[in-house]
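Heads up, the thing below is written out as structure tokens.
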Amino acid sequence: MIVGLTGGIGSGKSLVASRFVNHKITIVNADILARDVVAKGSPALAEISLHFGQDILDAESNLNRRKLRDIIFNSPAEKHWLEALLHPLINAEIRRQLKASTSDYTILESPLLLETEQYKLVDRILVVDASEHIQIERASQRDNSDPQHIKQIMATQLNRQERCARAHDIIQNHGSIDELYQQVDKLHQLYLEITQTQHTDN
Ligand code: ADP
């Protein structure tokens, strides 16, 4: 069974994922894979620099993410071009890692699970939910960034209601970290039960 773990920026996905790791569950992290496919020297990065020009690279030939973000923020057409290039590559890598996992079930952690086609790769959707106020506070503290910048990122993501409406399971992250972990532990038991029933059925 593959569980998709998602939630808005600052909702607590990473913390939830770390708790599942304690239970020896494999996490496939879409954000990390998305960075890997445009690593220095990768074919995708070569395509990007052909399309946008060498200026999109920094002095060390790494992708200048800020520059790319600014371009696509201001141009839906360029955003579309970039997504058409990267999404299939990212999805192929996600599929490969999900297949390689040997834990009782596997978690796909992705901030854009429901905004992209990644949700099609999972059997169940787990949403971490926190109020927008809490998201902004926690994420701006974590990243040492301007709350306005966090709000801009939130505007590119689904809102809470839309996201929660698509969840099979919801973790509320309005309290302490202990309370968060307790909810993860309960879900872990549920997921084990589901996978065991599936095995018996087969
Ligand atoms: P996401 O991965 O969804 O962006 P994180 O898991 O990184 O969110 O959480 C955002 C920040 O808030 C992190 O610094 C994290 O340690 C902190 N945090 C998350 N949940 C809680 C909580 N219940 N109490 C206090 N801090 C929290």
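Quick notes on this one:
- The chain: Lys pairs at Cα distance under 19 angstrom, eight or more positions apart or on different chains: 8
- Accessible area of the chain belonging to carbon and sulfur atoms, whole % at 1.4 Å probe: 50
- Full-extension gain in nm, D36 to Q182, via 0.36 nm per residue minus C-alpha separation: 49.3 nm
- For the chain, the relative contact order comes to 36 percent (Cα pairs under 8 Å, sequence separation of at least 6).
- Region 175-198 versus region 73-95: alpha-carbon centroid distance in Å: 33
- Residue-averaged [θ]222 nm for the chain, counting only DSSP H segments that reach four residues, each worth -39500 (n - 2.57): -18000 deg cm²/dmol
- Counting only protein heavy atoms and a 1.4 Å probe, region 33-102 has 67 square angstrom of accessible area per residue.
- The accessible area of S131, taken with all protein chains in place and a 1.4 Å probe, comes to roughly 30 Å².
- Spin-label model, L190 to N159: label points 7 Å out along the Cα-to-beta-carbon direction sit 2.5 nm apart.
- Restricting region 1-78 to trypsin sites (Lys or Arg not before Pro) that sit in a DSSP loop and have at most 15 other Cβ atoms within 10 Å of their own Cβ leaves K24, K40.
- Counted over region 33-102 with a bin width of 10 Å, the fraction of Cα pairs per bin, in whole percents, is 19, 51, 22, 7, 0.
- Restricting the calculation to Cα atoms, region 1-69 shows an Rg/Rh of 1.12 when the hydrodynamic-style radius is the Kirkwood one.
- Positive-end residue, region 33-102 charge dipole about Cα centroid, Cβ charges, pick of I72, I90, P43: I90
- Cubic angstrom per residue, convex hull over Cα atoms of region 38-154: 153
- From largest to smallest, the equivalent ellipsoid semi-axes obtained for the chain from the alpha-carbon gyration tensor read 31, 22, 14 Å.
- Measuring nothing but how far apart in sequence close Cα pairs (under 8 Å, 6+ apart) lie, relative to its length, region 33-102 scores a relative contact order of 32 percent.
The values are calculated or read from the model by the stated rules, or taken from the named source; none is laboratory data. Note that the structure is predicted; figures quoted are calculated from it, not measured. As a convention, Cβ positions derive from the backbone with ideal geometry for all residues, glycine included, and neighbour counts pool all protein chains shown. These area figures cover heavy atoms from the full protein model, side chains too; ligands, DNA and RNA do not enter into them. Shrake-Rupley method; radii C 1.70, N 1.55, O 1.52, S 1.80 Å.
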